[in-house]
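The values are calculated or read from the model by the stated rules, or taken from the named source; none is laboratory data. Being a predicted model, the structure only gives us computed values, none of them experimental. Note that each Cβ is placed from the backbone with ideal geometry, even for glycine, and that neighbours are counted across all protein chains shown.
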Amino acid sequence: MRMMASVSATVTDKPATACGAVAAAQAPLRRRLALVVAALTLCAGCSRELDGYYGRSGGMIGGESVNGTAVLKEMFAEYGHSTNAWYRLSPRLHNKVDVIVWFPSDHGVPSQDACDWLYDWLDADVDRTLIYVGRDFDATPDYWRKMKQGAPPEQTPEINRLLNEAQAAAQANRAALAPSECDWFRLQSDRPRRDVRTLTGDSAWIDGVDATKVEISLDARLVPLENLDYADEPPELLLASEGDALVSRQPLGGGQLILVANGSFLLNMPLVNREHRKLAGSLIEEVGDDRYVMFLETTHAPEILDTEPELSLPTGLELLGIYPFGTILLHAMLLGVLYCFWRLPIFGLPRGVERESTGDFGQHVTALGSLLNKAADEGHARTRLAHVHRILHPEAALPAEAPGRPAMSAPPPQAAEPTPSPEPTASNSAAENAPPDPAATNPEASPSDSP
């Protein structure tokens with residue numbers, strides 16, 4: 001599924017009214033903001049499980065939520081501010097931060113301890129700004145309403161089911177919401193819900209904004225308190241609609257408090273609307289130039305520390321309770337167990353393994369037989385065996401040759417070389433010329449017959 005709301009590649013922001021640095025930052029803002037919102041839109045629509053975590057500007061959980069603040073944080077950075085996120089009220093905020101943007105993750109009003117700490121922070125230095133955004137808005141139902149527009153008919157029942165679940169969850173979160181009051185404002189939770197179609201207020205905010213195209217909704221109202229004991233001036237309405245304050249500014253201590261009714265034009269998904277981005281740009285211009293902006297991501301009763309905690313890295317089993325290290329370690333342990341079973345030893349007496357000797361001639365015979373077998377030629381094998389047999393045992397009878405293949409004949413015997421005769425001598429010549437002996441020619445003759 002894809003989100004039906006389109007994202008323009010070029011964002012038409014309001015002309016900067018503060019300084020040249022803001023105007024210079026608008027060109028890269030148009031490009032990068034469009035990319036951020038487009039990526040957010042695609043990531044939010046890629047899976048069935050929609051991330052609806054509220055008030056986070058980054059991280060694995062909530063970083064790409066339709067109710068996150070990543071896009072607004074990116075806008076602050078594009079206007080030349082340094083940005084970060086924090087999860088408690090501690091000396092780190094008190095001493096270094098110029099602007100705190102607070103999106104409480106639960107319904108209600110800030111605790112008294114939080115109001116006192118933040119007032120001391122505002123009064124500790126000049127030109128500090130606290131931006132408080134009311135919680136009474138959830139972008140998840142709006143997301144499914146937009147998905148339903150133009151969706152294929154076969155997907156409509158599933159989208160309706162998810163829309164009903166999102167609406168039920170939003171109503172359940174508001175169930176404990178009751179009219180209440182803190183040092184800064186009065187929360188009116190019993191007012192009927194309505195959509196904003198008209199805008200009034202400071203011209204720097206409403207000039208160039210088409211009120212008929214905004215998608216701001218109001219449930220609970222934040223009514224700024226007047227005649228505060230520690231405020232020198234009454235609150236100023238920067239943006240309003242039919243008498244309801246959308247954005248107000250109140251000088252407080254050495255700085256200022258900016259109250260925003262809810263996040264219906266500041267959260268990730270609402271900032272897809274171009275008119276909402278113009279209003280967000282006006283809010284950013286209210287804090288000044290080159291500020292250190294901290295997004296406070298806590299409940300209405302944040303943890304307050306007098307000293308900054310020492311950095312200590314978790315060890316051993318402590319990592320199992322920290323996401324995502326716990327999940328990674330559990331998978332690693334499972335792989336380790338499987339490896340141990342694979343390498344499981346056999347318990348008991350060790351078994352002797354017979355080792356093959358490299359000096360055994362029988363292995364040569366076996367290897368030769370294997371090679372002859374691979375040749376798949378019985379006649380050739382018999383011929384080679386007969387040849388070896390004749391060389392090793394020439395006196396033994398030859399084995400029968402294989403039919404159909406000529407036998408290899410034995411090599412012919414070599415003729416004996418003639419013995420050279422002795423050279424003739426004088427005695428030899430006389431013997432050869434003497435007359436023959438009659439006794440030698442006639443052995444029957446007697447010696448008396450000789451003359």
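Report, by residue number, each residue of the stretch 286-302 that is under 24 Å from Phe76 (Cβ atoms) and either modelled with pLDDT under 95 or out of contact with any helix residue (DSSP H, G or I) (no Cβ under 7 Å at 6 or more places or on another chain) (or both).
Step one: filter the stretch 286-302 for residues under 24 Å from Phe76 (Cβ atoms), giving 286-300, 302.
If the condition is that a residue be under 24 Å from Phe76 (Cβ atoms) and either modelled with pLDDT under 95 or out of contact with any helix residue (DSSP H, G or I) (no Cβ under 7 Å at 6 or more places or on another chain) (or both), then Glu286, Val287, Gly288, Asp289, Asp290, Arg291, Leu296, Glu297, Thr298, Thr299, His300, Pro302 are the ones that fit.
With the condition kept exactly as written, say whether any residue in the stretch 316-336 is part of a loop (DSSP other than H, G, I, E, B) and over 24 Å from the mean Cα position of the chain (by Cα).
no
Can you give me the ranges of the strands (runs of 3 or more DSSP E) entirely in the stretch 58-174 with at least 2 residues that are among the aliphatic types (A, V, I, L, M) and under 26 Å from Gln250 (Cα atoms)?
99-102, 129-133
Looking at the stretch 337-380, which of its residues are small (Gly, Ala, Ser), in a loop (DSSP other than H, G, I, E, B) and within 56 Å of the chain's Cα centre (by Cα)?
Pass one, the stretch 337-380, residues small (Gly, Ala, Ser): 348, 352, 357, 359, 362, 367, 369-370, 375-376, 379.
Remaining after also requiring in a loop (DSSP other than H, G, I, E, B): 348, 352, 357, 359, 376.
Matches in the stretch 337-380: Gly348, Gly352, Ser357.
Quick check on my filter: what residues within the stretch 273-319 are crowded, with 22+ Cβ neighbours inside 10 Å and over 28 Å from Pro251 (Cβ atoms)?
Answer for the stretch 273-319, where residues must be crowded, with 22+ Cβ neighbours inside 10 Å and over 28 Å from Pro251 (Cβ atoms): there is none.
Considering each residue of the stretch 280-305, count those that are among the β-branched types (Val, Ile, Thr), in contact with a strand residue (DSSP E or B) (Cβ under 6 Å, 6 or more places away or on another chain) and outside any strand (DSSP E or B), and give that number.
Residues flagged as among the β-branched types (Val, Ile, Thr), in contact with a strand residue (DSSP E or B) (Cβ under 6 Å, 6 or more places away or on another chain) and outside any strand (DSSP E or B) within the stretch 280-305 amount to 1.
Taking Val260 as the residue in question, decide whether it is modelled with pLDDT of 95 or more, within 25 Å of Leu89 (Cα to Cα), over 35 Å from the mean Cα position of the chain (by Cα) and buried (at least 22 other Cβ atoms within 10 Å of the Cβ). Please lay out each step first, then the result.
Working: modelled with pLDDT of 95 or more: yes; within 25 Å of Leu89 (Cα to Cα): yes; over 35 Å from the mean Cα position of the chain (by Cα): yes; buried (at least 22 other Cβ atoms within 10 Å of the Cβ): yes.
Yes, satisfied.
Going through the stretch 165-185 one residue at a time, which ones are farther than 12 Å from His107 by Cα and exposed (fewer than 12 other Cβ atoms within 10 Å of the Cβ)?
Ala168
Out of the stretch 188-235, which residues are farther than 22 Å from Glu286 by Cβ, surrounded by 11 or more Cβ atoms within 10 Å (Cβ to Cβ) and at pLDDT below 90?
Within the stretch 188-235, Ser189, Arg191 meet the criteria.
Test Arg221 against the stated conditions and say whether it is free of Cβ contacts under 8 Å to residues at least 12 places away in the same chain and more than 20 Å from Tyr53 (Cβ to Cβ).
So Arg221 does not fit the description; no.
From the residues in the stretch 307-343 that are among the acidic types (Asp, Glu) and over 22 Å from Ile61 (Cβ atoms), which one is modelled with the lowest pLDDT? Before you say what the answer is, go through the steps one by one.
Here is the first cut: in the stretch 307-343, the ones among the acidic types (Asp, Glu) are 308, 310, 318.
Next, from what is left, pick out any that are over 22 Å from Ile61 (Cβ atoms): 308, 310.
On the way: Glu308: 81, Glu310: 76.
Result: Glu310.
When the residues of the stretch 353-377 are narrowed to those that are exposed (fewer than 10 other Cβ atoms within 10 Å of the Cβ) and of a type in the set (D, E, K, R), which ends up farthest from Val388 (Cα to Cα)?
Only one residue tops the list, namely Glu354.
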